[in-house]
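> One structure follows; several queries about it will come next.
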Amino acid sequence: MQLVVARIGRAHGIKGEVTVEVRTDEPELRLGPGAVLATEPAETGPLTIETGRVHSGRLLLRFEGVRDRTAAEALRNTLLIAEVDPEELPEEEDEFYDHQLIDLDVVLADGTEIGRITEISHLPSQDLFIVERPDGSEVMIPFVEEIVTEIDLEEQRAVITPPPGLIDESEAVIASSRDEETGDAAAGDAASGDAGQAPKGDA
């Protein structure tokens, strides 16, 4: 099985290094020195990784035969593709490969359908599920355990408990307005010296 593990960005420096947008949870395995990767477009590769290092939070790679900025810039926007055994599983129990997550149904704890995972976006801070909703719109769901409470590969579904506003933007507006009202009331209490009194209606 072929999986996209990175996209080449702009050239870095004058010695052939490039920045890469990582699209794998295991860059040390898929993007290590010596790795031979297919490419899209195919005529650009295959490319063999010669060196790799992290600079200012970005992964920089140099490929065999790419020795200057011009050659590096010519690789811009090329997708790097690794050959992966479809039966291979990540080492950690709570980790998953992208191909295991793509096409999973996303549902709430009560079974309400939210949509289907169409893409995984790997950001420096966290991973995001790109979920296509039944009406064709998309929603981004952070892949964190506070929100994604269960991945069930047998049932082909991901169960989520989204905070207000993540799925329905109207909830965010309501919550925001409520917060503002609460904040105004709190500010008034502090100004009037009534901070020690319980708010009305909370008894």
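> Need the failing condition index for ASP98 against (1) over 30 Å from THR149 (Cβ atoms); (2) buried (at least 17 other Cβ atoms within 10 Å of the Cβ); (3) under 19 Å from the mean Cα position of the chain (by Cα), just the number.
Going through the list (1) over 30 Å from THR149 (Cβ atoms); (2) buried (at least 17 other Cβ atoms within 10 Å of the Cβ); (3) under 19 Å from the mean Cα position of the chain (by Cα), ASP98 breaks only (1).
> While we're on this one: Scan the stretch 36-55 for residues that are within 12 Å of LEU79 (Cα to Cα) and in contact (Cβ under 8 Å) with a residue 40 or more places away in the chain and jot them down.
Of the stretch 36-55, the ones within 12 Å of LEU79 (Cα to Cα) are 37-47.
LEU37, ALA38, THR39, GLU40, listed by residue number.
> Oh, and also: Here are the criteria: (1) surrounded by 12 or more Cβ atoms within 10 Å (Cβ to Cβ); (2) modelled with pLDDT of 90 or more; (3) within 20 Å of LEU123 (Cβ to Cβ). Tell me which single one GLU146 does not satisfy.
Evaluating GLU146 over (1) surrounded by 12 or more Cβ atoms within 10 Å (Cβ to Cβ); (2) modelled with pLDDT of 90 or more; (3) within 20 Å of LEU123 (Cβ to Cβ) leaves (1) as the failure.
> For the list (1) in contact with a Leu (Cβ under 8 Å, 6 or more places away or on another chain); (2) open to solvent by less than 50 Å² (accessible area, probe 1.4 Å); (3) modelled with pLDDT of 85 or more, I need the number of the one condition that ARG116 fails.
(2)
> Considering each of LEU61, LEU104 in turn, give the residue that is at pLDDT 90 or above, in contact with a Ser or Thr (Cβ under 8 Å, 6 or more places away or on another chain) and not β-branched (Val, Ile, Thr). Don't jump to the end; show me each part of the working.
Values: LEU104 fails: in contact with a Ser or Thr (Cβ under 8 Å, 6 or more places away or on another chain).
When all the criteria are applied, what remains is LEU61.
> Shifting gears a bit: Only one residue in ARG67, ARG58 is open to solvent by 90 Å² or more (accessible area, probe 1.4 Å) and within 18 Å of the chain's Cα centre (by Cα), so which one is that? Walk me through it before giving the result.
On the way: ARG67 fails: within 18 Å of the chain's Cα centre (by Cα).
So the residue among ARG67, ARG58 that is open to solvent by 90 Å² or more (accessible area, probe 1.4 Å) and within 18 Å of the chain's Cα centre (by Cα) is ARG58.
> In this structure, does VAL5 turn out to be closer than 30 Å to GLU150 by Cα, within 21 Å of the chain's Cα centre (by Cα) and aliphatic (A, V, I, L, M)? Quick ask: steps written out before the conclusion?
Numbers: closer than 30 Å to GLU150 by Cα: yes; within 21 Å of the chain's Cα centre (by Cα): yes; aliphatic (A, V, I, L, M): yes.
The answer is yes for VAL5.
> Would it be correct to say that ARG30 is under 22 Å from SER125 (Cβ atoms), touching a residue at least 24 places away in the same chain (Cβ under 8 Å) and open to solvent by 50 Å² or more (accessible area, probe 1.4 Å)?
Working: under 22 Å from SER125 (Cβ atoms): yes; touching a residue at least 24 places away in the same chain (Cβ under 8 Å): yes; open to solvent by 50 Å² or more (accessible area, probe 1.4 Å): no.
No, not satisfied.
The values are calculated or read from the model by the stated rules, or taken from the named source; none is laboratory data. All of these numbers come straight from a predicted model, not from anything done at the bench. Positions of Cβ are backbone-derived with ideal geometry, glycine not excepted, and every protein chain shown enters the neighbour counts. SASA here: full protein model, heavy atoms, side chains in, ligands and nucleic acids out. Shrake-Rupley method; radii C 1.70, N 1.55, O 1.52, S 1.80 Å.
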